[in-house]
Amino acid sequence: MRTLENAARRWGFYRIAGCDEVGRGCLAGPVMAGAVILDPDRHIPGLADSRMLTEAERERLFDIITRKALAWAVAAAAPVEIDTVNIHRASLACMRRALLAMAPLPDLVLVDAFRIPDLLIAQRAVLHGDRRCSAIAAASIVAKVTRDRVMRRLDALYPRYGFARHVGYITPGHSAAVREHGPSDQHRLSFNALAYASQP
C-alpha cells in the first residue's frame with residue numbers, strides 16, 4: 001500500500017498526506033474527514049480501509065497512527081451544513097479543513113476518489129485509495145474512530161435513537177426511532193432516506 005507514496009517521494013515530495021471522509025451515507029451525525037502524513041521511517045503494519053477492520057483493530061491503529069504520524073488532523077461538517085450545501089460539498093469542505101489544520105502542511109495530498117476544490121496544495125485523486133494507499137487508509141481510520149466517538153457522545157444526549165449502536169447509519173432500529181420520535185437536530189433533514197425512515 002506504500003507504492004503511491006514511495007513513487008511521490010521519488011518525484012521530490014516528502015510530506016505526503018492521505019485524506020478520506022467517513023459518514024457520507026449516514027442519516028444522522030456529522031460527516032468527518034481525516035488527514036494523515038505518515039512518517040516513512042516508522043512503518044505501521046496492518047493499515048487497511050477502515051471498513052475492513054474491526055472496531056478493536058481501528059482503535060488500536062488509531063493510537064499508533066496518532067503517535068507515529070508526522071501530522072494528523074480531523075474536521076467535521078455538521079448536519080446543518082450538509083443540509084445547506086449538500087453532502088458532496090460538505091464532504092469536500094471538511095476534507096479541505098482537515099488538511100489545512102495540519103502542522104506542518106503537506107506538500108502533496110492523495111485523496112480517496114475526489115479532488116478537493118480551492119486547495120492550494122498539489123493533489124491527486126486515487127480511486128479506491130483507502131485500499132491502495134497507506135496514508136489514505138490511515139486517514140480513514142482516524143476519521144472513523146473519531147466519528148464513532150462523537151456518535152457515542154451524542155447517544156448520551158439523544159438516548160432514544162440508539163446512536164451508539166448504529167453510529168448514524170440507517171438500520172431498522174434507527175428508522176423505527178425516527179418514526180416514533182421524529183428526527184432530532186442531529187439528523188440530516190435533506191436526505192431522502194429520512195422520508196423513507198419516517199414512513200410507517
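The values are calculated or read from the model by the stated rules, or taken from the named source; none is laboratory data. Since this is a predicted model, take the numbers as computed values, not measurements. Cβ atoms come from the backbone with ideal geometry, glycine included; neighbour counts cover every protein chain shown. We work out accessible area using only protein heavy atoms, side chains counted, and drop any ligands, DNA or RNA first. Shrake-Rupley method; radii C 1.70, N 1.55, O 1.52, S 1.80 Å.
Overview of values
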| read-out | value |
| --- | --- |
| Single condition Gly29 does not satisfy, out of (1) without any contact (Cβ under 8 Å) to a residue 40 or more places away in the chain; (2) on the phi > 0 side of the Ramachandran plot | (1) |
| Pairs, first over 30 Å from Pro40 (Cα atoms) in segment 66-93, second of a type in the set (Lys, Arg) and open to solvent by 50 Å² or more (accessible area, probe 1.4 Å), C-beta under 7 Å, six or more apart | Ile87/Arg24 |
| Answer residue from segment 38-92, given it is open to solvent by less than 40 Å² (accessible area, probe 1.4 Å) and among the acidic types (Asp, Glu) and is modelled with the lowest pLDDT among those | Asp49 |
| Selection count where residues are farther than 18 Å from Phe62 by Cα and open to solvent by less than 10 Å² (accessible area, probe 1.4 Å), scope segment 18-29 | 4 |
| Filter result for Val80 (part of a strand (DSSP E or B), of a type outside the set (Asp, Glu) and at negative phi) | no |
| Residue within segment 51-59 that is under 14 Å from the mean Cα position of the chain (by Cα), farther than 15 Å from Gly18 by Cα, in contact (Cβ under 8 Å) with a residue 12 or more places away in the chain and in a loop (DSSP other than H, G, I, E, B) present | no |
| Residue list for segment 1-37, filter: modelled with pLDDT under 95 and among the β-branched types (Val, Ile, Thr) | Thr3 |
| Matching residues in segment 8-17 - criterion: being of a type outside the set (D, E, K, R), farther than 16 Å from Met102 by Cα and open to solvent by 20 Å² or more (accessible area, probe 1.4 Å) | Trp11, Gly12, Phe13 |
